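Before any comments, here is the structure.
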Amino acid sequence: DNGAHYYRKYFLGQEHQNWFGMDPELGPVAISIKKEKPLHQPLSSDPSHLQHLYRLIVRTSELLTLRGSVFEESIPNSRGSGKSTNTKDIMDYIAPEVQISCLKLAISTPQCEQQILKLDEQGLTNKYKVGILYCRAGQSTEEDMYNNEEAGPAFVEFLETIGQKIRLKGFENYK
């Protein structure tokens, strides 16, 4: 999942809101939303022309996670033009299938952010177990290869390059 680090990259440790709830149709819902200034603003001294960008993550158990951003000016504003967009309007526009009334604003704490990271990154792994079999010249069967107790210098150098050699007998860290 290439987007699994999206929360870590754009939200973690920055000002944002997290909303949680139980939608009657979709089940558990978690929405993260952040208002930010885009990298490129139009050249204007009038502050009313400043655009904002809303970055969002919508998580449900029924749908794939939706991650992205939208310019404030493209969101219909129930408060009228020239007024700042409220969170309800943003969420209604981005995720109309979610019943916003079921959501509650979470208290922003490091523990809350860590739980969201766990949720988003739970399927990721950055540790791999690898088994490598050494085949000497003239060996043609698995049995011959499994009985090798030593390897040539090039193979040893290759193993040192790709990872850490672990003696399996008595090793209990991997299941």
#### Entry: Output for the stretch 109-138, where each listed residue is small (Gly, Ala, Ser) and out of contact with any Asp or Glu (no Cβ under 8 Å at 6 or more places or on another chain)
Gly131, Ala137, Gly138
### Query
Exactly one of (1) over 20 Å from the mean Cα position of the chain (by Cα); (2) over 24 Å from Asp23 (Cα atoms); (3) not polar (S, T, N, Q) is unmet by Leu105. Its number?
(2)
### Message
I'd like the full set of residues that are free of Cβ contacts under 8 Å to residues at least 40 places away in the same chain and assigned to a helix (DSSP H, G or I), limited to the stretch 95-130.
### Response
Ile100, Ser101, Pro110, Gln111, Gln114, Gln115, Lys118
### Message
Looking only at the stretch 20-38, filter to residues that are open to solvent by less than 70 Å² (accessible area, probe 1.4 Å) and assigned to a loop (DSSP other than H, G, I, E, B); which one of those is nearest to Ile100 (Cα to Cα)?
### Response
Leu26
### Query
Out of all the residues in the stretch 70-108, which are small (Gly, Ala, Ser) and either open to solvent by less than 80 Å² (accessible area, probe 1.4 Å) or modelled with pLDDT under 90 (or both)?
Ser74, Ser78, Gly80, Ser81, Gly82, Ser84, Ala95, Ala106, Ser108
## Note on the structure
A careful count of residues in the stretch 131-165 that are surrounded by fewer than 10 Cβ atoms within 10 Å (Cβ to Cβ), part of a loop (DSSP other than H, G, I, E, B) and within 33 Å of the chain's Cα centre (by Cα) gives 3
### Message
Report every pair of residues separated by at least 6 positions or lying on different chains whose Cβ atoms are under 7 Å apart, first residue within the stretch 142-167 and among the aromatic types (Phe, Trp, Tyr), second not in a helix (DSSP H, G or I).
### Response
Phe155/Tyr134
### Task
From (1) at pLDDT 90 or above; (2) within 19 Å of Arg55 (Cα to Cα), pick out the condition that doesn't hold for Asn147.
(2)
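The values are calculated or read from the model by the stated rules, or taken from the named source; none is laboratory data. As the structure is a computational prediction, the values presented were derived from the model and not from experiment. A quick note on method: Cβ atoms are made from the backbone with ideal geometry, for glycine too, and the neighbour counts reach across all protein chains shown. Keep in mind that these areas ignore ligands, DNA and RNA; they rest on the heavy atoms of the full protein, side chains included. Shrake-Rupley method; radii C 1.70, N 1.55, O 1.52, S 1.80 Å.
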